Structures are given as structure tokens and as C-alpha cells.
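A short write-up of the structure that comes next.
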Amino acid sequence: MMLELRAHHLLCMLTYVGKGYSPEFARNFDGIVRRLAAGEEALLVDGPDAICAPLCESEGACAHCFGAAVLGRDQRAAQELALLLGRPLGPGSRLRLDVGLLSRMRTAFASGQIRGACAGCEWAGLCTGIASTDYEGARLRMPKAVLSL
């Protein structure tokens, strides 16, 4: 299987500590980080993804997913991550996390190198705090045995 994720959600998962919009949202996000930690591949998409799914159950709830601010956030995240990874990223790109990649992403996030997409995000302060504690409490943990493709 493959997880559909927006580019900016690759950043959100770095600092996810179990807080969210609702208990259903947090349960869903918990499942996503478990799947990524188990080595499931992520497929970058435009629009609603696996993380947004619980929010999209009510009619019109995902309209924000297509707004200019959110689309711009995805573009900035994809551009900065592409520079970090040394390859183009966009809808249709595939990514498999491993210990080394997660470490590189977290280091770049904490230093501000891949934080352009966070401008104006209501969660930015929380994420900054989590990154400043060396990601204490972050739920995404990679087993050492998972290898990148």
C-alpha cells in the first residue's frame, strides 16, 4: 500500500505529538505515523490526503485543502524538501522514510531550512517548541531496520 500525503504534511509529521483537530484526527494521524515507521511509501498528492481524511467527512470541510494558502504551503514544502533531498518533488513523487532521512529532515526543520511552508500556520509555535526539545514526544519513530529505496 501507499500513503497519499501533501508535501507540507511531510513537515507536520516531524513534530506530531498527538494533538490535532479532534480525537478522530489524532487517531488517524497515529495510524499514519505507524505506517510510515513500518516502511510504507508516501505518494505526494495535491488536495486532501490521508491526514485530511477525517476532516473531509462532513460536506464542504475540505474546501480549505484547495485554497491558495494551503496550495502555496505545499509548493514551498516541496521546493525546500527537494533541495534537501537533491531531487525534484511534487505530486506523483514517492518517498520512503528511514532513520537517516528522518534525522536529516528533523535537523533541517529545527534549523529553519525547511520551515517556509510553516509561515502563517496556526501550529507553527507548537512545532517550533517540539523541534527545540529534540523532538521529545514526537510520535514518528523509525526502527533502525527500515531501509530507504
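Any read-out appearing in this document is the output of simple, stated calculations on the displayed coordinates, not a laboratory observation. Note that this is a predicted model, so its numbers are computed, not measured. All Cβ positions, glycine included, derive from the backbone under ideal geometry; neighbour counts span all protein chains shown.
Can you check what the net charge comes to around Gly137, using other residues whose Cβ is under 14 Å from the Cβ of Gly137 (Lys, Arg +1; Asp, Glu -1)? Here the count lands on +1.
If Lys and Arg each add +1 and Asp and Glu each add -1, what is the summed charge of the other residues whose beta carbon sits under 14 Å from the beta carbon of Thr107?
With Lys, Arg at +1 and Asp, Glu at -1, the neighbours total +1.
When the chain is treated as a Gaussian network with alpha carbon springs shorter than 10 Å, the biggest mean-square fluctuation among Gly72, Gly39, Gly86 belongs to Gly86. Over the C-alpha atoms of the chain, the Rg to Rh ratio, Rh being the Kirkwood estimate, stands at 0.92. About its Cα centre, the dipole of segment 2-132 is roughly 500 debye, where the only charges are +1 on Lys and Arg Cβ and -1 on Asp and Glu Cβ.
Spin-label pair Ser132-Lys19: with each label point 7 Å from Cα along the Cα-Cβ axis, the two points sit 1.3 nm from one another.
Within the chain, the longest run free of exposed loop sites, counting GluC sites (Glu not before Pro) that sit outside DSSP helix and strand states (H, G, I, E, B) and have at most 14 other Cβ atoms within 10 Å, spans 60-121. Shape verdict for segment 1-61, please, from the Cα gyration tensor: rounded (a/c under 1.5), prolate (a/b greater than b/c) or oblate. Cα axes put segment 1-61 in the oblate bin. Judged by the ratio a/c of the largest to the smallest principal axis of the C-alpha gyration tensor, segment 90-134 counts as oblate, that ratio being 1.5 or greater while a/b is no larger than b/c. Among the trypsin sites (Lys or Arg not before Pro) in segment 81-149, those placed in a DSSP loop whose Cβ has at most 12 other Cβ atoms within 10 Å are Arg141, Lys144.
In a DSSP loop and with at most 16 other Cβ atoms within 10 Å, the chymotrypsin sites (Phe, Trp or Tyr not before Pro) in segment 1-56 are Tyr21. Phe25 sits among other residues whose Cβ lies under 12 Å from its own Cβ, and their net charge, with Lys and Arg +1 and Asp and Glu -1, is -1.
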